[in-house]
Amino acid sequence: MPEGNLEDARILKRNDIKTFVLRIDLLPNLAIDFDALINNLSTFFERIEKREIEGVLLDLSSGQPEMKKTKDFEYVLVSDTRNISMTFSKPQSAFWLQSSAYQDNSTYKEIFDGVMVAFREKYPDIVSKRIGMRFINEFKCSGVKEIKKIFKTKKANIVISLLEEKALSRAIAYLEYNCDGRKTRLQYGIFNKFYPSVINSYDLGLDIDAYFDIQISVTEWAGKISELNHAAYDFFIDTMNEEYLERLK
């Protein structure tokens, strides 16, 4: 799970993270030269893929509504050796890093520092409308009795109580938090990799999605990203059984 890079005790070498995403959404209709930004990051990745995105636009300029097809592009930077990809999407006015091999904040920090330096130099007044960090964890679990060995008692009992229902294909608890503007969606339970089949495997999932959905200037991005990392780690610690945590270090 994420670590705040403050002390070795917070580092989890076996974090069971299957998917990590760090995403920044910008205000729409900004004239941004994504090509120039990509060039600054080429040393971090082994290849660049250009993907065509098709869409539909409602044209009202002639007085008669007309649907027109549009074409745009996304650029995907890929490092197979590091299991990292980074996407710059003009249609979505966003960019995001995704990894299936998250260890600590070094997974994204150097790359995002490069992005933020480029933005500050070229677009010092740029503003994001959302910054989000998401961690999806999966834990092997052999049966109902083992749930309390992975999750803390309170959350384990909630999942176990959900399993009393018949013919379930998923058993997931869902919570939302608002901590002075920093929001978090927390989902935990049995996501069921065989969904929509009825649950017959008890592997557990923990999905932590921490984000700011307010306008934030580029000079504040680094601090907000760090805050999200710390918050996600705290939610993780608050969910996991203490003895199980020791096995992840």
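Tabulated data for the structure shown
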{"quantity": "Links that overshoot a 18 Å alpha carbon limit, given the list Lys129/Lys183; Lys155/Lys193; Lys18/Lys50; Lys140/Lys166; Lys69/Lys90; Lys183/Lys224", "calculated": "Lys155/Lys193; Lys18/Lys50; Lys140/Lys166"}
{"quantity": "Cα-centre dipole for the chain with unit charges at Cβ (Lys and Arg positive, Asp and Glu negative), debye to 20", "calculated": "680"}
{"quantity": "Net lengthening on full extension, Lys13/Gln187 (0.36 nm per residue, minus Cα-Cα)", "calculated": "60.4 nm"}
{"quantity": "Helix-only CD estimate at 222 nm, as mean residue ellipticity for the chain, using -39500 (n - 2.57) per DSSP H run (n ≥ 4)", "calculated": "-7500 deg cm²/dmol"}
{"quantity": "Sum of side-chain charges, Lys122 neighbourhood, beta-carbon under 14 Å (Lys, Arg +1; Asp, Glu -1)", "calculated": "-3"}
{"quantity": "Label-point gap, in nm, between Ser142 and Ser106 - each point 7 angstrom along Cα→Cβ", "calculated": "3.5"}
{"quantity": "Gaussian network model of the chain, Cα within-10 Å springs - most flexible of Pro124, Pro91, Pro196", "calculated": "Pro196"}
{"quantity": "Most mobile of Ile24, Ile158, Ile131 in a GNM of the chain (Cα contacts under 10 Å)", "calculated": "Ile158"}
{"quantity": "Selection from Val117, Val76, Ala101, by position along the positive dipole direction of the range 8-248 (Cβ)", "calculated": "Ala101"}
{"quantity": "Residue with peak Gaussian network fluctuation, the chain [Cα springs, cutoff 10 Å], from Gly223, Gly189, Gly132", "calculated": "Gly223"}
{"quantity": "Label-point separation, Arg120 to Ile48 (7 Å along Cα→Cβ), nm", "calculated": "2.3"}
{"quantity": "Descending semi-axes in Å of the chain, equivalent ellipsoid built from Cα gyration tensor", "calculated": "36, 23, 17"}
{"quantity": "Of the trypsin sites (Lys or Arg not before Pro) in the range 151-205, those whose Cβ has at most 10 other Cβ within 10 Å and which sit in DSSP loop", "calculated": "Lys166, Lys193"}
{"quantity": "Hypothetical label at Ala173: residues of the range 145-165 whose amide nitrogen lies under 14 Å (7 Å Cα-Cβ projection)", "calculated": "147-164"}
{"quantity": "Taking the chain and dividing mean pair separation by its residue count, relative contact order in percent (alpha carbons under 8 Å, at least six apart)", "calculated": "24"}
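Only the coordinates and a few stated rules stand behind these numbers; no lab work does. The structure presented is a predicted model; accordingly, all values stated were derived computationally and were not measured. Backbone-built Cβ (ideal geometry, glycine too); neighbour counts: all protein chains shown.
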